[in-house]
1. Could you check the stretch 295-337 and list, in sequence order, the residues that are among the β-branched types (Val, Ile, Thr) and over 19 Å from Gln39 (Cβ atoms)?
2. May I ask you to list pairs of residues, at least six apart or on different chains, whose Cβ atoms are under 9 Å apart, with the first in the stretch 128-141 being at positive phi and the second being in a helix (DSSP H, G or I) and of a type outside the set (Ser, Thr, Tyr)?
3. Where residues in the stretch 239-260 are under 21 Å from Asp181 (Cα atoms) and not small (Gly, Ala, Ser), which of them is nearest to the chain's Cα centre (by Cα)?
4. Only one of these is exposed (fewer than 13 other Cβ atoms within 10 Å of the Cβ) and either more than 30 Å from Asn10 (Cβ to Cβ) or of a type outside the set (S, T, N, Q) (or both): Arg52, Arg80. Name it.
5. Could you check Tyr50 against (1) within 22 Å of the chain's Cα centre (by Cα); (2) farther than 21 Å from Cys339 by Cα; (3) of a type outside the set (Gly, Ala, Ser) and say which number it fails?
6. Suppose we filter Val187, Val195 for residues that are surrounded by 20 or more Cβ atoms within 10 Å (Cβ to Cβ) and part of a helix (DSSP H, G or I); which single one remains?
7. Here is a list: Gly78, Gly90. Which entry is out of contact with any helix residue (DSSP H, G or I) (no Cβ under 6 Å at 6 or more places or on another chain), more than 30 Å from Ile288 (Cβ to Cβ) and modelled with pLDDT of 95 or more?
8. Hey, could you check the stretch 261-303 for residues that are of a type in the set (A, V, I, L, M, F, W, C) and over 17 Å from the mean Cα position of the chain (by Cα) and say which is surrounded by the most Cβ atoms within 10 Å (Cβ to Cβ)?
Amino acid sequence: MSSKENYLRNARFQGPEWIPSQVIISDASWDQYQKDLEQVCIRFPEFFPYVRPGWRNYNNYKFAPACRKDEPFIDAWGCRWETCQNGIEGVVTNIVLNDWDKLEDFRVPDANEQFDRGLAQWDKIRNQIDEAKRFGELTIGGVPHGFLFLRIIYLRGFENAMIDFALDDPHIYRLIDMLVDHNRVLVDKYLQMGVDVMQFADDLGSQTSTFLSPAMFNKFIVPAYKKLIDPCKAQGVLVWLHSDGRTLDILEEQIRVGVDIINPQDLCNGIDNIARVIKGKACICLDIDRQTIIPYGSPKDIEDLIREEVMKLGSSAGGLEFIAYIYPPTPPQNVEALCKALLKYRRYWWE
């Protein structure tokens, strides 16, 4: 079974042969551990096929916009991003729409020509997707992280936005419509290319709860999500949705709006809670802990976590995949322990 077929069968509960897994290392971690981390990654080509000796210029690496220490970056929306650590995305430090009177003259970037952090390169993207199809690889489209709820926060500021939602300010509906129209261009472009999966990412939770109540999520966010997800469903494209934070109270709402693959964080939502609420209802792309066990735990702690998640959330029909993001101060030996555990248990349900 190819990786693409295995992924699709897993997402659709059609009996894959292994649990799909990704390990994504932040530029900040590469900057911290450099060749020590490189040596670990070379031993696990299943996760890091792109890593070769000398593959990266550690002493002269150009970090992505909005991820460069002491270099503020203005995106296409007018938001100013600042960070204090290379390789870590910064925060927005201005409020573009600090007064609703500015909405009248506010211009949303043209997604045909402009991405959030650079010019649109649709021809290049189409060529990449066409090449992936020729090699029988999974093809993925997506909108920028923070495409709706977070975009409102970026533009209005957190406190202003929370007041807007609480007071049912009519301006918020107009802004949401503008954001939907912008993202619909992106969605339609990828659907025209015939991708297998469309990815959406919008952090909806804090450490302990959602930012909006389930009722307010349904009122303001669900109708907008639906306008972007419905076209994907109509073409049989799988819909993947990520959100950081504790989103347990709205996971079922995400399924109802059409999400096929839900990407919740494990420990802040609770492994048992995730199993109880959504196991078997949608494919779980589990976001592996990056706050306690992976950065600070022992190899045994890491293996025990993966084993528990495989046993409680997996099944022989499929419906579980893993994604792990590595950030400082996670040491190379913990990355190695994580990779070993993912490989050890990836065929647990079929052996």
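1. Ile306, Val310, Ile323
2. Correct list of pairs: Gly136/Lys4; Gly136/Glu5.
3. His242
4. From the options Arg52, Arg80, the qualifying one is Arg52.
5. (2)
6. Testing whether each residue is surrounded by 20 or more Cβ atoms within 10 Å (Cβ to Cβ) and part of a helix (DSSP H, G or I) leaves just Val187.
7. Gly78
8. Ile302
The values are calculated or read from the model by the stated rules, or taken from the named source; none is laboratory data. None of the values given here were measured: they were computed from a predicted structure. Quick reminder, even Gly has a Cβ in these numbers, built from the backbone with ideal geometry, and neighbours come from all protein chains shown.
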